[in-house]
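No lab work stands behind these numbers, since they all come straight from the coordinates. Owing to the predicted nature of the structure, the values given are computational and were not obtained by experimental measurement. Reconstructed Cβ throughout: ideal geometry from the backbone, glycine too, with neighbour counts over all protein chains shown.
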Amino acid sequence: KTKAVVVLGDQLDLNNPALLANPPKLADVLMVESPVESTVVWVHKVRIALFLSAMRHFAQELRNAGYTVHYRSLGDTGQHSLATEVANLCKQHGYTSIDMAEPGEWRLEQDFLTLAKSENIKLRMLEDSHYLCSRAEFAKWASGYKQMRMEYFYREMRKRTGVLMEGAEPAGGKWNFDADNRSAFPKAGPGDITPPAFFEPDEITQTVFAEVEANFPGHPGTLKNFAWPVTRQQALKALDAFIENRFVNFGTYQDAMWTNTPFGWHSLVSSAINLHLLHPLEVIEKAEAAYRAGKVDVASAEGFIRQILGWREFMRGVYWLDMPKMREDNHLQAKLDLPKWFWTGNTHMNCLKDSIGQTLDYGYAHHIQRLMVIGNFALLAGLVPQQVEDWFLAVYVDAVEWVELPNVAGMALFANGGRFTSKPYIASGAYIKRMSNYCAGCKYNPAEKTGDKACPFTTLYWGFLDQHEKMLSANPRTGLMAKNIARLDEAQRQALRQKVADTFKNLEQL
Ligand code: FAD
Ligand code: SF4
């Protein structure tokens, strides 16, 4: 054969368009575990293990389906990039043309386009059927708006797909039930949360663990809690278990946080969807069916479906519109280095200690921990966006750049100046106190912005208002924040500025 299909580590689906176009008699398959992909940032051991294990299981499925698979594993490849290794395989086996689904990541797309030119390989990139809105459709939608807003895109997607619709009207009479989905856990605690489905590492995964420990011993995180789905079969089980046992409380406690409660009522399906073990539409359809069967209320169903049909598709669209610039943006000219405790969780700030701690333990934190604890701190502390982006890309099991980067740069850090958000997502310690029990066990006091016990979030929040007062007062969504800072008299402002300066100086010790 002179043709090969390249399957990337996040394209693990037998319905991959390049595979559908090429049955085993027409083409062989190339898969590569490039060590470069695990070192491009300082990747968490769990994320490396998840990708490699899922790839090895998928290669097995491809062989069972009759394909000849040329698979380069960690040990085989030396330090070559993925595209270089594919070129080597083409030379070795005489392939002159390649089909692949379009890569999720801008850098890899560039690499493959360059490779095709330099090696004179005929390359065909097929539209990835794993998204509900294509890159071209999104660009067309975006061209009709001065400012891109997820909410309008999401309504279009609801109408287009018919998901959660009653004729032309949204189910439940409203497009968005966000206001119903913001409860904290009861004061006494979250109670008995039905645990998510966990999966014992099998022989393939155990072998991967040994190789990860041998090849990346100094990388962050631990493999001891690894229980993520690595096959489509397991991913379907994980999804069904969520819909059956946990979905019912998802909406209500979507934003709630509690110490030693790493998963709350969340679905934990992001990594399976991002690896293409699950199709987003099947996840959405199962969620809608649970609502139609009366198992969950409309607020939970809508809240969950919006994340996938709305935010996930929207982020992907924005990523392809704005790359590579998105990676460079630093609208607020943030310039401080990421404190070292981001890699250890070793900080006195209880909220960050817990959120980073569970990230290192599991490769997981839920949305509000990422946005309103870790991201919020990074924004308020003026950390360099590219360092924060690298951290987020390294430490989560679901981290792939097309979804990580717009969430970090665009949503959490306001690094693109509000290209698709109406305001910076900032909050003081008061928000974290309201949504969690973190503050109860903390040496800081969320109510204080100056003084010895001042909560760094509260200090830096007020400092942010002080520093960006003009920008905030010009925006109707943040006018109230600007009014609050305007109430401080000169002496209070001076004390605040001193405390902010001390806090910036002292980030490593907080
Ligand atoms: P649930 O809370 O159960 O939500 C269901 C699904 O909705 C998720 O599985 C995911 O597929 C989708 N989803 C939810 N929120 C978003 C969002 N904002 N953008 C896109 N999809 C969303 N998600 C990633 O998949 N990869 C990332 O690298 C990533 N980085 C993030 C970084 C920051 C700073 C923030 C604020 C969010 C990030 N997210 C990322 C989005 C979100 O936090 C995760 O998708 C979610 O926490 C995954 O856990 P879950 O599967 O239990 O999600
Ligand atoms: Fe976090 Fe401040 Fe609360 Fe401590 S007091 S847990 S630093 S918000």
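What is the Cα radius of gyration of region 137-234 over 2.2 N^0.38 Å, N being its residue count? Present the calculation step by step, with values, prior to reporting the outcome.
Details: Rg = 22.1 Å, N = 98, 2.2 N^0.38 = 12.6 Å.
Cα-based Rg divided by the globular estimate yields 1.76.
Packing here is the average count of other Cβ atoms within 10 Å per residue, and on that basis the peptides 124-132, 346-354, 494-502, highest first, run 346-354, 124-132, 494-502.
From least to most packed, judged by other beta carbons within 10 angstrom and beginning with the fewest, E448, E288 follow the order E448, E288. The ranking of W402, W391 by Cβ neighbour count inside 10 Å, starting from the fewest, reads W402, W391. Charged neighbours of T39, selected by a Cβ distance under 13 Å, balance to -1 (K, R count +1; D, E count -1).
Taking the convex hull of the alpha carbon positions in the chain and averaging its projected area over all directions gives 24.2 nm². Available extension along the chain between Y145 and R477 is 117.6 nm, counting 0.36 nm per residue and deducting the alpha carbon span. About its Cα centre, the dipole of the chain is roughly 1200 debye, where the only charges are +1 on Lys and Arg Cβ and -1 on Asp and Glu Cβ. Per-residue ellipticity at 222 nm, computed for the chain from helices alone with -39500 (n - 2.57) per DSSP H run of at least four residues, works out to -12500 deg cm²/dmol.
If one puts a single equal scatterer on every Cα of region 436-493 and applies the Debye formula without solvent, what log₁₀ I(q)/I(0) results at q = 0.20 Å⁻¹? Log-scaled intensity ratios, in q order: -0.77.
Give me the percent of DSSP beta bridges within the chain that run antiparallel, rounded to the nearest 5.
Details: 2 of 19 bridges.
If I count the DSSP bridges inside the chain, around 10 percent turn out antiparallel.
Provide the gained length on full extension for the span Q492 to S73, in nm with one decimal, where the gain is 0.36 nm per separating residue minus the Cα-Cα distance. Length difference between fully extended and current span is 144.8 nm.
Taking each of K470/K499; K335/K449; K174/K286; K140/K340; K146/K174 in turn, the alpha-carbon distance tops 31 angstrom for K140/K340. Angle of helix 456-467 to the longest C-alpha principal axis of the chain, folded into 0 to 90 degrees and rounded to 10: 80°. Pairs of lysines in region 3-126 whose Cα atoms sit within less than 27 Å of one another amount to 9, provided the residues are eight or more positions apart or on different chains.
Based on every Cα atom in region 3-126, Rg and the maximum pairwise Cα distance Dmax equal 13.5, 40 Å. Rounded to the nearest 10 degrees, the angle from helix 106-119 to the longest Cα principal axis of the chain is 30 degrees. Look at D13, D28 and count the other Cβ atoms within 10 Å of each Cβ; fewest to most, that gives D28, D13. Annotation: for a label point projected 7 angstrom from Cα along Cα→Cβ of E285, residues of region 127-170 with backbone N closer than 20 Å are 128-134, 157-167. Would you mind checking the tilt of helix 350-362 against the longest principal axis of the Cα atoms of the chain, expressed as 0 to 90 degrees and rounded to 10? Taking Cα atoms only, the helix is inclined about 10 degrees.
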